[in-house]
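Chemist: Sharing a structure, written as structure tokens. Questions coming.
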Amino acid sequence: MGANVASTITKGIIKPEKYTSEPELFAICFPGVLAGSSLSMIMATIYGIPVSSSHAVVFGLVAVGLASKGGDSIGTGGIL
């Protein structure tokens, strides 16, 4: 199951081709995803809320994709 999750996360959540004109933006986005998912994991742990690290990373990718390039950068094949 872990390999399938990793494959979906790396290939289906955001569309890398939307970032070909701005590769530096693509590179900056990933530390943002990690920071956001880490923060959400810490906050959920502090408040005793059940949380999944996979879900945190997926929603971090979606949030960064929406914030940086809008809805066109989201690959629905990886989400739906």
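The values are calculated or read from the model by the stated rules, or taken from the named source; none is laboratory data. Small disclaimer: the values here were computed from a predicted structure and weren't measured. Cβ: placed from backbone, ideal geometry, glycine included. Neighbour counts: every protein chain shown.
Chemist: Which helices (runs of 4 or more DSSP H) does segment 1-74 wholly contain that include 3 or more residues that are at pLDDT 85 or above?
Modeler: Values: elements: 2-11, 23-46, 53-69.
Qualifying helices (runs of 4 or more DSSP H): 23-46, 53-69.
Chemist: I would also like to ask the following. Tally the residues that are closer than 25 Å to K15 by Cβ and either touching a Pro at 6+ places or on another chain (Cβ under 6 Å) or exposed (fewer than 15 other Cβ atoms within 10 Å of the Cβ) (or both), restricting the search to segment 40-53.
Modeler: 2
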